[in-house]
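Working notes, beginning with the structure itself.
The values are calculated or read from the model by the stated rules, or taken from the named source; none is laboratory data. Note that the coordinates shown come from a computational prediction; the quantities given were computed from them, not determined experimentally. Backbone-built Cβ (ideal geometry, glycine too); neighbour counts: all protein chains shown.
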Amino acid sequence: MEIPFLNKFSLGNGLALFKKESGVLGIDFGSANLKIVQLKKGKTRPILETYGEIATGPYAQMPVGKSVRLVDTKAVEMISDLLGEARAKSREASVSIPLRSSFVKIITLPLISEKEITEAIPYEVRKHIPVPLDEVIINWWILPQGEFSKNQGEEGFIKEHKSQEVLLAAIHRDLVQKYQNIFKGAEIGVKSFEIEIFGNARSALNPSLHPSLIIDLGAQTSRYTVIDYGLVRLAHTLDSGSADLTDSISKSLGVDFVRAERLKQDIGFSQRPENKEIRSVIEPVLEYILSEGVRVSSEYGERSGRKINKVCLIGGGALLGGVVEFAINKFGLEVERALPFNKVEHPAFLEDNLKQIGPVFATALGAAMRALEE
Ligand SMILES: Nc1ncnc2c1ncn2[C@@H]1O[C@H](COP(=O)(O)OP(=O)(O)OP(=O)(O)O)[C@@H](O)[C@H]1O
Ligand SMILES: [Mg+2]
């Protein structure tokens, strides 16, 4: 079947055609695009078997690039279409859960034992998570204390904190149930669910003891995650994303969404004089989205005394021409587009393509890496 709205760069057809597959899937159910990555175990690194992306919009009679909520039957149809087109044979997956449907909080507790933390968690959840306890699935981890857990004492001596930080993560049971029904319909066994920011950290960053900020420039929302000493330390969602750039172009220039999306992708944040109009429309939205990243970095700096030293961009919005340069100016730091496919073995002929589209697949790839670990 011909599926016209599959993105042109989406398929690893050449990869998957002749291989006997034994891999696992990572699935990222974005609001504008569904992404999958299939990996199998390799000797030193995971091996990429196939990957693919499909726009959700057309499954709800909306244009490509629009964020939509699909009815379950359409979601099943879309997953099946994508698996077919990508020739993904695996039916075992790790599925990423959007941060906007989750709660991630760092809480500070006294230096109590793990057993006592377990007892304290329900009270903490009630305090920090605005949803009844029985409606969420909760997970928590003690955050190992890095150097920042020590305080500068009055005489300048370093002294230990009397508290510890715990990362609290909660997912709505309803959402998990909904996903379970959809994946059952698509005949996929879900090995695990994971909030997307954890997969992003796995795929987008190399091991480092320094604090980095990952910004996921999705269509509907932007997500900011601070990773320090290799672990999630702060997470935040902003209800503004890359589709807002398209909406702004559409309104300001009086063109429809499809045309505005084309202009955005073709021209981007261009410094050329003839593109001044598009630039002036995009700039305030981008400014707003990145300012939130600056705010999150400062918040983390104040809490930990540690300065973010690198910003890593993922999500489709990271493909916008000129966004890296804009972000370098804004943050005054090293900024890069993620290269998540560097974490997996892949054929040399795909190198350029995978480099270009890497940021889009960071979440799905992170989920697939998780599925391999299980
Ligand atoms: N080359 C490009 N230039 C600019 N923007 C692009 C480009 N390619 C994709 N985008 C934008 O990326 C966005 C889609 O990104 P992505 O697939 O990460 O979103 P999503 O995961 O579906 O959304 P969300 O994470 O908010 O649920 C769209 O707004 C699209 O316009
Ligand atoms: Mg996304």
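For (1) modelled with pLDDT of 95 or more; (2) surrounded by 23 or more Cβ atoms within 10 Å (Cβ to Cβ); (3) in contact with a Ser or Thr (Cβ under 6 Å, 6 or more places away or on another chain), each residue gets a yes or a no:
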{"position": "K19", "(1), (2), (3)": "no, no, no"}
{"position": "L25", "(1), (2), (3)": "yes, yes, yes"}
{"position": "Q38", "(1), (2), (3)": "yes, yes, yes"}
{"position": "E49", "(1), (2), (3)": "yes, yes, no"}
{"position": "I54", "(1), (2), (3)": "yes, yes, no"}
Quickly run through the range 286-318 and pick out the residues that are buried (at least 19 other Cβ atoms within 10 Å of the Cβ) and hydrophobic (A, V, I, L, M, F, W, C).
-> L286, I289, L290, V296, I308, V311, C312, L313, I314, A318
When the range 198-222 is examined, which residues are found to be within 16 Å of ligand 1 (Cβ to nearest atom) and either over 17 Å from G358 (Cβ atoms) or surrounded by fewer than 22 Cβ atoms within 10 Å (Cβ to Cβ) (or both)?
-> F198, A201, A219, Q220, T221, S222
Just to be sure, is S192 surrounded by fewer than 18 Cβ atoms within 10 Å (Cβ to Cβ), outside the structural domain of E302 (by TED's automatic domain parsing) and not aromatic (F, W, Y)?
-> yes
In the range 52-78, which residues are touching a residue at least 12 places away in the same chain (Cβ under 8 Å) and away from ligand 2 (no atom under 16 Å from the Cβ)?
-> P58, Y59, A60, P63, D72, T73, K74, V76, E77
Output yes when any residue across the range 232-249 is in a loop (DSSP other than H, G, I, E, B), away from ligand 2 (no atom under 15 Å from the Cβ) and buried (at least 16 other Cβ atoms within 10 Å of the Cβ), and no when none is.
-> no
Taking the range 162-179, which residues are within 23 Å of D134 (Cα to Cα) and surrounded by 14 or more Cβ atoms within 10 Å (Cβ to Cβ)?
-> V166, L167, L168, A169, A170, I171, H172, L175, V176, K178, Y179
In the range 86-101, is there at least one residue being surrounded by fewer than 18 Cβ atoms within 10 Å (Cβ to Cβ) and assigned to a strand (DSSP E or B)?
-> yes
Tabulated pairs, the range 211-231, first over 11 Å from R100 (Cα atoms), second more than 12 Å from ligand 2 (Cβ to nearest atom) and among the acidic types (D, E), C-beta under 8 angstrom, 6+ apart or interchain = P211/D228; S212/D228; Y224/E292
Checking S270 against (1) at pLDDT 95 or above; (2) within 12 Å of ligand 1 (Cβ to nearest atom), which test does it fail?
-> (1)
Can you run down the residue pairs with Cβ atoms below 6 Å, 6 or more apart or on separate chains, where the first is in the range 187-202 and in a strand (DSSP E or B) and the partner is of a type in the set (S, T, Y) and within 15 Å of ligand 1 (Cβ to nearest atom)?
-> E194/S96; I195/S102
The one condition A348 fails out of (1) surrounded by fewer than 13 Cβ atoms within 10 Å (Cβ to Cβ); (2) over 30 Å from K43 (Cβ atoms) is (2)
Restricted to the range 293-319, and to residues that are within 10 Å of ligand 1 (Cβ to nearest atom), of a type in the set (A, V, I, L, M, F, W, C) and within 16 Å of L238 (Cβ to Cβ), which residue is farthest from the chain's Cα centre (by Cα)?
-> A318
Mind listing whichever residues of the range 23-38 are more than 16 Å from ligand 1 (Cβ to nearest atom) and closer than 15 Å to G358 by Cα?
-> Q38
